[in-house]
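Enquirer: Quick one: structure below, then a few questions.
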Amino acid sequence: VQLQASGGGLVQAGGSLRLSCVSSKNTFDINYMAWYRQTPGTARELVAGDAVKGRFTFSRDNRKNTVYLQMNDLTPEDTAVYYCCARDRGSDYWGKGTLVTVSS
């Protein structure tokens, strides 16, 4: 499974971004997908995903083999590299990540 994330960028505090992640495999056949994020020197943390709710909204469009992360009311603490993850047949697959920078 190959994953390509996009949609990151620079945004002011209080703004919004929507991240997208396109899968090379039909997402209908992938049981679990999620978004994680990581900052330098810290562990990767779960943001939102299938059956996992967080501050941001995760969604799927299986017709487009794409998952999304809608992020609203961003703060500088949300600055990180965001990664898409797919869990398929016991293995985790990761995209390269997309950088989100929130300025104060």
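What follows is calculated from the coordinates using simple rules that are stated; it is not laboratory data. Only a predicted model underlies this, so the values are computations on that prediction, with no experimental measurement involved. Using ideal geometry, Cβ is built from the backbone for each residue, glycine included, and neighbour counts are taken over all protein chains shown.
Enquirer: Show me 41-51, 81-91 ranked by packing, highest mean number of other Cβ atoms within 10 Å first.
Expert: 81-91, 41-51
Enquirer: Just want the answer: with Cβ charges of +1 for Lys and Arg and -1 for Asp and Glu, which residue in PHE28, THR39, THR98 is farthest toward the dipole's positive end in region 4-104?
Expert: Sorting the options by dipole projection puts first PHE28.
Enquirer: Tell me, Kirkwood radius of region 39-78 from alpha-carbon pair distances, in Å?
Expert: So the Kirkwood estimate lands at 11.8 Å.
Enquirer: What value does region 45-104 have for Rg/Rh, both radii from Cα atoms and Rh as Kirkwood defines it?
Expert: Using only Cα positions, Rg/Rh for region 45-104 is 0.98.
Enquirer: Then there's this: Tell me, which cysteines of the chain are without a disulfide-compatible partner by the Cβ under 4.7 Å rule?
Expert: Within the chain, the cysteines lacking a partner Cβ under 4.7 Å are CYS85.
Enquirer: Report the one residue of VAL52, ALA13, THR75 whose Cα lies farthest in the direction of the positive end of the charge dipole of the chain (charges on C-beta: Lys and Arg +1, Asp and Glu -1; origin at the Cα centre).
Expert: It is VAL52, whose Cα lies furthest towards the positive end.
Enquirer: A further question on this structure: What is the dipole size for region 1-71, taken about its Cα centre, with +1 at each Lys and Arg Cβ and -1 at each Asp and Glu Cβ, in debye to the nearest 20?
Expert: 80 debye
Enquirer: When the scattering of the chain is computed by the Debye formula from its Cα atoms alone, each counted once and equally, what is log10 I(q)/I(0) at q = 0.10, 0.11, 0.13, 0.16 Å⁻¹?
Expert: Log10 I(q)/I(0), no solvent term: -0.24, -0.30, -0.41, -0.62.
Enquirer: Using a cut-off of 15 Å between beta-carbons, work out the net charge of the residues near SER23 (Lys and Arg +1, Asp and Glu -1, SER23 not included).
Expert: +2
Enquirer: Follow-up question, since we're still on this one. Compute the signed sum of charges (Lys and Arg +1, Asp and Glu -1) over the other residues within less than 10 Å, Cβ to Cβ, of ALA34.
Expert: In short, -1.
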